[in-house]
Amino acid sequence: MTAEMKEWMLGLQGHEDLVPLEEVVRLIRAGQLRSTDMVKRVGEPWSAAGEVPELAGHFAPQPTPRTSRKTARFRHSEPGRNEKRVPPARPKGLEPLVAKYFSPNDLLRAMTFALAPGKLATAALVLVPATAAFTLARGEKYGVAAGVLLAIAVTMVVLVLDFFTRRQVEGIDAGWREAGRHLVRNVGSLLGIPLTGALPPALILGLLVALEWVRTSSAVFAAGLRIAYIVPFALGLGAAIAGIGALSLLMVGGSALAVEGCGFREALRITIHYVRSQTGRMLVHVFLVSGIVLLGFRFSSWILEMAFQLPMTVGRGDWLGRGIERTVYQGVRDGLALVVPASLLSTLSVLSYLVLRQEDVVYTTESGEERDETAVSGDDERTGS
C-alpha cells in the first residue's frame, strides 16, 4: 500500500498518524470507531464519521429514536421502583397528559372553561335530581342513604367535568361517550374518594359524640372538660383539618384520574405525595379554590332564591303551599345552586393540579443527568446551565 493512500486522520487517542481507508473501515467493523467520532481527510474539514459518504455505508443502521432529546418524568411516578421490573401491558385507556408548561395567560384563559354550557348542563343533569331526592329524604329514615347518594353524585360530576377540562386544555372536543368510558374506568373512585375523604372526619365526630355522652352522664367529667376544653377543641380542629384533606383528595385525586389516566390507588398516592412535598402550595391552592367556589355558591344561591321567591312576591300569595311540591322545588333550587360551584371546583382543581405537576418535573438528558425545570415543553431545546 502506497503512502499516498494514507490520507485519513482519526480523532481517536493513539491514532495520530495518517491511515488508509482500509484501516478506517477495519476500525469501524471492530467497533473502535463510532459514527459520532470525528475523522478528517487531508484537505477537508473534520466531520463525524457517519456523515462521510465513503464511511457511512459501513456503520450498522441505527433505530430511529422514539423519544425527544430530553425526556421528562414526574417525581410521583417513582421510576426507581418501576424500572426494576417490566411493567405489565396496560389496558387501553386514557393516556397521561403530555408534560407542558402553562403560562399564567394559559391558566387564566382556561378558567373560562368553568362556564362552558356543556359542563353546566352535565352538572345540572346529575345534581338536580340527586339534591331533590336528598331534600325529600332529609330527616326521614332514608336521610343517610340520600346523603351518600348526594356525595356520590357530586363526586361523579367532578370526575366527569375534570375529564372535560383536560380535553379543553388539550384543545380536543370531548364527547359524552368518551366521558362515559372515563367514568366507567373509575367507577371505584365514585365510592373510594368520598369514603376515604369522609372517614377521618367521621371518626373524629364519633369521638366528640362519645365525649358528649360521657359529659351528660357524669357531672365530674363535665367539670373536668370545662377545665380541659383543649381536648374537644383539638378534636374539632382535627376534624377541620381532616375536612381540608378530604377536599384535597377530591381536587388532586380527581384531577390525577383525568390528567394521568391512573386508578384510585395511584391517585391517592399522588395526592399524598403533593401534600407532603408541596404542602404550602397545596394549602394555598385549596384555600383559593374553596374561596372561589364558596363565592360562586353564594352568588348562585342568591340568584336562584330571588328567582324562586319572585313569582310569589308578585302574586302576593304562596303558590306552592307547604306540601311536597315546595320540598321538591326547593331541592331543584339547591341543585341548580350547586351547578356553577361544581364546575368551578373541577376546572380550578385541574388547573391547580397542572401547576403542581409542572413544578414536579425531573428532566433526564441524553447524558443521563437529571435536573429540575419549571418550564416544561416537549420542543424545548435549551440545555440549561
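Where a number appears in this text, it was derived from the coordinates with a stated rule and is not lab data. Everything numeric in this text was worked out from a predicted model, so none of it was measured. Note: ideal-geometry Cβ built from the backbone for every residue, glycine included; neighbour counts use all protein chains shown.
For the range 198-286, the alpha carbon positions stretch 56, 24, 14 Å along the principal axes, listed from largest to smallest.
Among rounded, prolate and oblate, which fits the range 98-365 when a ≥ b ≥ c are the square roots of the eigenvalues of its C-alpha gyration tensor, a/c under 1.5 means rounded, and a/b larger than b/c means prolate? Oblate, because a/c is 1.5 or more while a/b does not exceed b/c. Under the classification rounded if a/c is under 1.5, otherwise prolate if a/b is larger than b/c and oblate if not, where does the range 3-56 fall, given a ≥ b ≥ c as square roots of the Cα gyration tensor eigenvalues? Judged from the Cα gyration tensor, the range 3-56 comes out rounded (a/c under 1.5).
Near residue 308, once Lys and Arg are set to +1 and Asp and Glu to -1 for all other residues with Cβ below 13 Å from its Cβ, the sum equals -2.
Both numbers refer to the Cα atoms of the range 121-232; Rg and Dmax are 20.7, 66 Å.
Database remark: amide H of residue 41 closer than 5 angstrom to the amide H of 9 (H placed geometrically; neighbours at sequence offset of 5 or more, or on other chains; Pro and chain starts carry no H). Ordered by the number of other Cβ atoms lying within 10 Å of each residue's own Cβ, fewest first, 16, 260, 23 fall into the sequence 16, 23, 260.
Loop-located trypsin sites (Lys or Arg not before Pro) across the range 107-187 with a Cβ neighbour count of 16 or fewer within 10 Å are 138, 141, with loop assigned by DSSP.
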